[in-house]
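Trainee: Just dropping this structure here.
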Amino acid sequence: MKTTLIAAPVIFLVCIISVAQQTGGTVCVAARIDDPFWKEPATLPNGEINSHGLMVKIDKMPATAWPLRKGLELDGLDTAERHLLVILDSHGKPIEAVRFKFSEYKSTALCARYDGYQGIGLQEMGRRTPWCKCKAPR
């Protein structure tokens, strides 16, 4: 009887913790080399990847250089809040921005891309976004 009284609250706490860990949203920024929407070749004649010095930023997170070879996973985003995804130029000035909420999508794992012509693309990660190569959602 005593073990049941102790085990029940422990199991309840474990369930609450696991649900709390699953509530964070993720945005995978497609690497420049994998993004098919850029209108120019990804690789320069010298073999380097050209990202034009772009940076990406979500909300108040620090700006991060655009990923070149591997997707950039930005996780731990609150799924109940509205977020601001900003594309910055090489000088840190905003080029384009989009506001989004995870509730507007069926998934909490989203894929972001940018090409300068079509603008920011934000969609659910899955088999229709093979250019987003961040790890699969948990």
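Trainee: Within the stretch 83-107, work out how many residues are over 13 Å from LEU122 (Cβ atoms) and either part of a strand (DSSP E or B) or in contact with a helix residue (DSSP H, G or I) (Cβ under 6 Å, 6 or more places away or on another chain) (or both).
Mentor: Within the stretch 83-107, residues that are over 13 Å from LEU122 (Cβ atoms) and either part of a strand (DSSP E or B) or in contact with a helix residue (DSSP H, G or I) (Cβ under 6 Å, 6 or more places away or on another chain) (or both) number 3.
Trainee: Determine if the stretch 73-94 includes at least one residue that is at pLDDT 90 or above and of a type in the set (S, T, N, Q).
Mentor: Looking for residues that are at pLDDT 90 or above and of a type in the set (S, T, N, Q), one finds at least one in the stretch 73-94, hence yes.
Trainee: Only residues that are among the aliphatic types (A, V, I, L, M) and in a loop (DSSP other than H, G, I, E, B): list them for the stretch 108-137, please. Show your work before the answer.
Mentor: First, the residues of the stretch 108-137 that are among the aliphatic types (A, V, I, L, M): 109-110, 112, 120, 122, 125, 136.
MET125, ALA136, listed by residue number.
The values are calculated or read from the model by the stated rules, or taken from the named source; none is laboratory data. Computed from a predicted structure; not experimentally measured. All Cβ positions, glycine included, derive from the backbone under ideal geometry; neighbour counts span all protein chains shown.
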